[in-house]
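**Student:** I'd like to ask you about the structure that follows.
Bear in mind these aren't lab numbers, they're just calculated from the coordinates by the rules spelled out. Treat the numbers as computed from the prediction; the structure is a model and nothing was measured. In this analysis, Cβ positions are derived from the backbone assuming ideal geometry, glycine residues included, and neighbour counts consider all displayed protein chains.
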Amino acid sequence: MRAFGAAAALSTAAIATPATATDFDFVFSGNSGVAGSSGAMDFAATSSGQRVDVRASAWSMKYSMSAGGYVISAANIGNYADGLGVTAPSENGGSGTHTIDNAGTNKYDFLLLQFSAPVKLTQIVTTAFRITTDLTSYYNSGDSDATVGYGTTTNAWNNTLNYDGKNWSVLSSALTRIAVYDSASGGTVSGGAASNMWMVSAMLNNPDGRIDSFKLGGLSATTVGGAVPEPATWLTMILGFGVVGAALRRRRGGRTIAAA
Ligand SMILES: [Ca+2]
Ligand SMILES: [Ca+2]
Ligand SMILES: [Ca+2]
């Protein structure tokens, strides 16, 4: 009997196969007004008879002297011809500011994506949208680097997260960071694990110094993901913020930030 049991166990193990990955390509639709609609938009994708919903919410964070760190504000989201864009409270939505961008001193726009099931992002499309057509301007970079993070939230996918007014550290502690460079990866998201919350931001720390400004033009995910997070930490990034801020100020002619 023991031998039979062992054989049965082996047989079961041989039959067992990993869960089949189901791939989802999300199609965006909705408001395309210049300043976007408030807060969040819902989208869905269906594949192999399964449906995954996602809520995309818009945010922006900016360095605050008084808070001694980056503070997150709710922002407007819009769906445009090139994809989803973010208009921060400090932006008017015109002149290309309705993009997911890191233009402006120590300011970063981002989307949070809440999924109805744990998914791993496999591909994002960051469609560059220039903030100005002036070829001599620092804001005409045509760059579209993004930083991606993932984590788990206990919030339901259709219950918008509440990070308005919160310190960046509150969100960053819930996320593991992976970096995506447009030129290096073509938007393929490498790393990460199946998770129900993802962040797509204009490149944090922006090491190449070229402003990133883009629409999220596409989003693909799979229900099966690798589970090996990269060792990158937000702490490294946060330390880098000050360095880049200083570099940007130098590039703009030595302006310094007035203490607010
Ligand atoms: Ca923006
Ligand atoms: Ca770049
Ligand atoms: Ca860049």
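**Student:** Cβ neighbours within 10 Å, averaged per peptide: list 189-197, 77-85 in order, most packed at the top. Walk me through the numbers on the way to the answer.
**Tutor:** Working: 189-197: 19.9, 77-85: 21.7.
Per-residue mean Cβ counts within 10 Å order the peptides as 77-85, 189-197.
**Student:** Given R₀ = 41 Å, FRET efficiency for VAL170-SER137 by Cβ-Cβ distance, to 0.05?
**Tutor:** Given R0 = 41 Å and the Cβ-Cβ separation, E is 0.75.
**Student:** Determine the gain in length on full extension of the stretch ALA44-ASN155; use 0.36 nm per residue of separation and subtract their C-alpha separation, reporting nm with one decimal.
**Tutor:** Computed gain between ALA44 and ASN155 is 38.2 nm.
**Student:** Across region 194-202, in residue order, what do the Karplus-derived ³J(HN,Hα) couplings come to in whole Hz, using 6.51 cos²θ - 1.76 cosθ + 1.60 with θ = phi - 60° and x for Gly and Pro?
**Tutor:** Whole-Hz 3J(HN,Hα) from phi for region 194-202: 4, 8, 9, 9, 10, 10, 10, 10, 3.
**Student:** Mind checking which aspartates and glutamates have their Cα closer than 13 Å to the Cα of LYS107? Skip sequence neighbours fewer than 8 apart in that chain.
**Tutor:** Hits, sequence-local ones excluded: GLU91, ASP212.
**Student:** Applying a 10 Å radius around every beta-carbon, put 116-125, 40-49 in order of their mean neighbour count, most first.
**Tutor:** Result, highest mean Cβ count within 10 Å first: 116-125, 40-49.
**Student:** Between MET65 and ASP25, what length comes free when the chain is fully extended (0.36 nm per residue of separation minus the Cα-Cα distance, one decimal in nm)?
**Tutor:** Between MET65 and ASP25, full extension yields an extra 10.3 nm.
**Student:** Still on this structure: Could you tell me the center-to-center distance, by alpha carbons, between region 128-143 and region 170-214 in angstrom?
**Tutor:** So the separation of the two Cα centres works out to 21 Å.
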